[in-house]
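The values are calculated or read from the model by the stated rules, or taken from the named source; none is laboratory data. Worth saying up front: this structure is predicted, and the values here are computed from it rather than measured. Cβ coordinates were reconstructed from backbone atoms using ideal geometry, including for glycine residues, and neighbour counts include every protein chain displayed.
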Amino acid sequence: MKAAGVVIATAVAVALQTTLAQFVVRGAVAVDFVVVAVIYISLTSGPAIGLLSGTFAGLVQDTLASGEVLGIGGLAMSIVGFLSGVVGTQFIVVQPLPRFVVFFGATVLYKTIYIGLYELLGLGDFGVPVAAVAGQALGNAIVGVIAFQVVELLPGAMERRRATRGRLRR
């Protein structure tokens, strides 16, 4: 994926995240579209692009968040982007179940690093948000798998439509 694609995907994810942030489930955002976008980019483009897209997306998200320390989200997201890219290159992740596991695990890793850094630096007290992290990981995994399925079906749908149109005209 080229740099413009990464920037566009990140911008769309940030726009979705800020627009849909009002839909909160028990005080926690159900889906983090920026994390989903970074994991998707990492799985399709590899660890180097995953690292760069994670850093960019995390810093954009840190910049837009009020009262956040700049860089913690960028660091956590870059680690997740890199590791997701490594998983995508080392393992066969083309079926929905492995993709679900990668999205779920990467989201848990992201939240663990993010919360852990805040706790370590004494910047926040999150307690033990296991239910919130698991809920967000589940939401991210479902959205990520659906995104892969939609992107993979779109080119085939366009070709099928063209073929059907060609048959109708004859």
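A few remarks follow.
- The one condition in (1) surrounded by fewer than 20 Cβ atoms within 10 Å (Cβ to Cβ); (2) touching a residue at least 40 places away in the same chain (Cβ under 8 Å) that Asn140 fails to fulfil: (1)
- Looking across the range 88-102, the residues that are buried (at least 20 other Cβ atoms within 10 Å of the Cβ) and at pLDDT 95 or above come down to Arg99, Val102.
- Matching entry among Gly105, Gly85 (being crowded, with 18+ Cβ neighbours inside 10 Å and of a type in the set (Gly, Ala, Ser)): Gly85
- All positions within the range 53-74 that are surrounded by fewer than 19 Cβ atoms within 10 Å (Cβ to Cβ) and out of contact with any Gly (no Cβ under 7 Å at 6 or more places or on another chain): Thr63, Leu64, Ala65, Ser66, Gly67, Glu68, Val69, Leu70, Gly71
- Among the residues making up the range 42-86, those that are of a type in the set (Val, Ile, Thr), in contact (Cβ under 8 Å) with a residue 24 or more places away in the chain and part of a helix (DSSP H, G or I) are Thr44, Ile49, Thr55, Val60, Ile72, Ile79, Val80, Val86.
- Tabulated pairs, the range 96-118, first outside any helix (DSSP H, G or I) and of a type in the set (Lys, Arg), second surrounded by 18 or more Cβ atoms within 10 Å (Cβ to Cβ) and modelled with pLDDT of 95 or more, C-beta under 6 angstrom, 6+ apart or interchain: none
- Residue in the range 71-90 that is closer than 18 Å to Val143 by Cα and over 17 Å from the mean Cα position of the chain (by Cα) present: no
- The set of residues in the range 142-170 that are at pLDDT below 65, part of a helix (DSSP H, G or I) and among the charged types (D, E, K, R) comprises Arg165, Arg167, Arg169.
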